[in-house]
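Structure first, then comments.
The values are calculated or read from the model by the stated rules, or taken from the named source; none is laboratory data. All values derive from a computational prediction rather than experimental measurement. Counting neighbours? That spans all protein chains shown, and the Cβs are built from the backbone with ideal geometry, glycine included. Calculation scope for accessible area: heavy atoms of the full protein, side chains included, ligands and nucleic acids excluded. Shrake-Rupley method; radii C 1.70, N 1.55, O 1.52, S 1.80 Å.
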Amino acid sequence: MKTDIKKVWRALRPTVKYGFSFNETKDVVAAAALPVEELAHLQQKSLPAKGASKGDLLDALDGLISREPDPDKAIQNLVAAMLEQNNHLEARISDCAQRFGWKLVDGQLRPLDFQIDDAVKDFSEEVRNLLRTAYRRFGEGDYSGAMTAVCSALDAVTNNLYRVHNLGNPNDDSYQQRVSRSFAVLELAYRDKFSQMTDDSNEVNRLWQNYRGAINQAAYVMGSFRRNASDVHGVSACPPELIRHAIDSGTFIIRSITYETSENIQQDDVLDF
């Protein structure tokens, strides 16, 4: 879904206008770390003197947002500051955001098609927290940090499989290799699951080969992004849409490994991912 957070901000203008006084609006701007000093010349005055209206203030605020290096992040910060100042507005902001493809989660706007809770309910607390961190950082505009967090979640899963199945040192393998080797130990479990759908052994073989191929290709995507777009290995200037794809790829790999491991693999060690 193509979403534009600027539409949410435009729609929130009445909420800001009627939910905050003139000076409270300036406080929100300051709390969002925007240059509130540029609004100092806008003052309300008692009649008959002519002062600035709330509309003038909001027009000037739009100008501040447009001049920010990252206008989307500025809007995120403003929404967070609004909720800190007046949490009674949460329902109104949430309803407004959903009309334009966004959802309010922990005081942060996130695209409706980019949610984490349902996707990770079967994961360990460590992996859930790392993936939630990835989604939170993405919402904050920290795309390299989001990439680092999702890679860390996948590291936790593959490190455990290397340990349990004595696959050696995962750091000796490339990122793609460590994912592929980890997934390979699940072959019997997957073949058994596919056999419950069809008794055609050739089809079972094709299903396994294609699923393994999908994991391998998703792992290549993750490895490339880890090299080029994480805050540990690469640069931060990466289109956010691509980071979303990387997070989706990582979640797909982790779910594929975690579900079959927890459901089908019997071993002495308790899996902690």
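Determine which single condition Ile65 fails, assuming it passes every other condition in (1) in a loop (DSSP other than H, G, I, E, B); (2) surrounded by 15 or more Cβ atoms within 10 Å (Cβ to Cβ).
The failed condition is (1).
Taking segment 153-173 as the search range and keeping residues that are β-branched (Val, Ile, Thr) and either open to solvent by 10 Å² or more (accessible area, probe 1.4 Å) or out of contact with any Pro (no Cβ under 7 Å at 6 or more places or on another chain) (or both), which one is farthest from Val127 (Cα to Cα)?
Val164
Yes or no: Asn171 at pLDDT below 95, farther than 18 Å from Arg255 by Cα, part of a helix (DSSP H, G or I) and out of contact with any Cys (no Cβ under 6 Å at 6 or more places or on another chain)? Before you say what the answer is, go through the steps one by one.
Numbers: at pLDDT below 95: yes; farther than 18 Å from Arg255 by Cα: yes; part of a helix (DSSP H, G or I): yes; out of contact with any Cys (no Cβ under 6 Å at 6 or more places or on another chain): yes.
When the stated conditions are applied, Asn171 passes them.
Among the residues of segment 81-100, how many are open to solvent by 30 Å² or more (accessible area, probe 1.4 Å) and of a type in the set (A, V, I, L, M, F, W, C)?
2
If we keep just the residues of segment 1-23 that are over 16 Å from Asp59 (Cα atoms) and touching a helix residue (DSSP H, G or I) at 6+ places or on another chain (Cβ under 7 Å), which is modelled with the lowest pLDDT?
Ile5
So how many residues does segment 182-197 have that are within 11 Å of Ile257 (Cα to Cα) and either surrounded by fewer than 18 Cβ atoms within 10 Å (Cβ to Cβ) or aliphatic (A, V, I, L, M) (or both)?
Qualifying residue count, segment 182-197: 5.
Please enumerate the residues belonging to segment 206-220 that are more than 23 Å from Asp173 (Cα to Cα) and open to solvent by 60 Å² or more (accessible area, probe 1.4 Å).
Arg206
Would you be able to say whether some residue in segment 139-146 is in a helix (DSSP H, G or I), without any contact (Cβ under 8 Å) to a residue 24 or more places away in the chain and open to solvent by 20 Å² or more (accessible area, probe 1.4 Å)?
Within segment 139-146, not a single residue is in a helix (DSSP H, G or I), without any contact (Cβ under 8 Å) to a residue 24 or more places away in the chain and open to solvent by 20 Å² or more (accessible area, probe 1.4 Å).
Criterion first (assigned to a loop (DSSP other than H, G, I, E, B) and either open to solvent by 60 Å² or more (accessible area, probe 1.4 Å) or under 28 Å from Pro239 (Cβ atoms) (or both)) does Pro14 satisfy it?
Spelling it out, it is not the case that Pro14 is assigned to a loop (DSSP other than H, G, I, E, B) and either open to solvent by 60 Å² or more (accessible area, probe 1.4 Å) or under 28 Å from Pro239 (Cβ atoms) (or both).
Could you please find all residues in segment 23-56 being of a type in the set (A, V, I, L, M, F, W, C) and surrounded by fewer than 17 Cβ atoms within 10 Å (Cβ to Cβ)?
Residues satisfying the conditions are Ala30, Ala31, Ala33, Ala40, Leu47, Ala49, Ala52.
Can you tell me which residues in segment 33-60 are touching a residue at least 40 places away in the same chain (Cβ under 8 Å) and at negative phi?
Correct list: Leu34, Leu58.
Among residues belonging to segment 229-244 that are open to solvent by 50 Å² or more (accessible area, probe 1.4 Å) and modelled with pLDDT of 75 or more, point out the one that is farthest from Cys151 (Cα to Cα).
Glu241
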